[in-house]
Amino acid sequence: MQFLNYIFLLLIALTITTPPCYCQDRSDTLSATGIAKRELNICDTSCTSVEIFNAKQLILPGALMVTGIIGAIDHDNNLNKSVRDAMTGLSNGKQCKIDDYVRFVPSAAHLLLGSLGVKSRHNFKERFLISATAHGSMLILGYGTKYAIHETRPDMSNNHSFPSGHVAMAFTGAELLRTEYGTTYGIAGYAVATSVALLRLYNNKHWLNDVLMGAGIGILSARIGNWLLPFERKLFKINQKNNSSSSIAIAPSYNSIDKACMMTLHAVF
């Protein structure tokens, strides 16, 4: 399927467009002048290369967004139609609504994994700022475009098809996972995000170009969140070296009367 080819190219582009990471090993003792440091070619928690803007980082999201825009201009092209027809035949009119919930998993993992002991680049305060900035950018870019373009969904339910907000949310979280915790967690995040994209097509809620645009917006938004962190550190006077004041607790619960699951989050940072 053409969509799977796009995903394969996406994974290659992620490697190509990510700048080399040079980190400082803070375990080194200071020299007599107080400035002796050692640079490493592997990433650790003090690596900040993702916070530095690099034009190469625009290539992948830019390519996805341009492809999505081209499809929006001519959404009745053969590729859009063939993907829709294939997915419609596969689903046979049935829908799977799990994408309404799974889209939040990568973003939640980005915030919580570091507090559960997984080695991260940033402390909880910084992750919170990165996430807030990234998702704010995603909402502006994604839903701003959605309500400006008014593209009709394949199932004709409304005219809010372009781009896919579900996919934008999922790919924002996936890219945040990759830049925060490394390739292994990034692959898991992108697998979840890809499943959301496929489900949006399976449920006949989006054209192919909608999910490609959503993926591009999501990746770009995550990178914006990282790029703006140095400015936010200064704005909020965050001390990178002090992680001890951050804590987080999660308490799930179930209401048998309303038959509803709930989650209570308590965070101190």
Taking amide H atoms as placed 1.01 Å from N in the peptide plane, list the residues 5 or more away in sequence, or in a different chain, whose amide H sits under 5 Å from that of Glu151. Ser161, Phe162
Roll a 1.4 Å probe over the protein chains and send me the accessible area per residue for region 53-147 in Å². 53
Convex hull projection area averaged over all views, region 83-242, Cα basis, nm²: 9.6
Excluding Val196 itself, calculate the net charge of residues whose Cβ lies under 10 Å from the Cβ of Val196, where each Lys or Arg counts +1 and each Asp or Glu counts -1. 0
Tally up the carbon and sulfur contribution to the accessible surface of region 118-211 as a whole percent, 1.4 Å probe, everything protein left in place. 65
Label region 51-135 by shape, choosing from rounded, prolate and oblate, from the square roots a ≥ b ≥ c of the eigenvalues of the Cα gyration tensor; if a/c is under 1.5 it is rounded, and otherwise prolate applies when a/b is larger than b/c, oblate when it is not. oblate
Probe 1.4 Å, accessible area per residue of region 150-237, Å²: 32
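The values are calculated or read from the model by the stated rules, or taken from the named source; none is laboratory data. Keep in mind that this is a model prediction, so the values were computed, not measured. Backbone-built Cβ (ideal geometry, glycine too); neighbour counts: all protein chains shown. Only protein heavy atoms, including side chains, enter the accessible area calculation; ligands, DNA and RNA are left aside. Shrake-Rupley method; radii C 1.70, N 1.55, O 1.52, S 1.80 Å.
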